[in-house]
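Undergrad: Have a look at the structure that comes next, please.
Every number in this text was worked out from the coordinates using simple rules, so none of it is lab data. What you are looking at is a predicted structure, and each value in this text was computed from that prediction instead of being measured.
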Amino acid sequence: MSDAVEFDPQTLMPTRIEHFTIVELLGQGAMGFVFRARDTKLGTEVAIKMIKPELAAEPLPANDSCARHGPPPRSGITITSFPFIG
């Protein structure tokens, strides 16, 4: 999926992920980032959660509660549609 992501060379933040245009960074934490984006195919607002690359590559510890649910998506990216209220 890395070939479907474009980055701003100044900030190193994504500007496009597949057919989603990044509008703004909504927040970030220890594990990753949440972006507000626009789906260019449907014209809708979405939230994109992106796990930090260094964490997406790490295996889950055996006692981690997430281990019960299987590994996270290989790309480390989750896209969720939501009605954006600005």
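Undergrad: For residue 16, what residues show an amide H to amide H distance below 5 Å, using hydrogens built from the backbone and excluding near sequence neighbours?
TA: Amide H neighbours of residue 16: 6, 22.
Undergrad: Give me, ordered by chain and number, the residues 5 or more places off residue 26 or on other chains with an amide H under 5 Å from its own placed amide H.
TA: Residues meeting the amide H criterion: 34, 35, 36.
Undergrad: Could you give the length gained by full extension between residue 26 and residue 52, i.e. 0.36 nm per residue of separation minus their alpha carbon distance, to one decimal place? Provide the component values of the computation, followed by the final result.
TA: Numbers: separation 26, 0.36 × 26 = 9.36 nm, distance 1.50 nm.
Computed gain between residue 26 and residue 52 is 7.9 nm.
Undergrad: Please list the non-local residues whose amide H lies under 5 Å from the amide H of residue 44, H modeled 1.01 Å from N, same-chain partners needing a gap of 5 or more.
TA: Under 5 Å from the amide H of residue 44 lie the amide H atoms of 39, each far enough along the sequence or on another chain.
Undergrad: From the backbone phi of the range 35-41, what are the Karplus-calculated ³J(HN,Hα) couplings (6.51 cos²θ - 1.76 cosθ + 1.60, θ = phi - 60°) in whole Hz, Gly and Pro given as x?
TA: Working through the residues one at a time gives 10, 8, 9, 10, 6, 6, 7 Hz.
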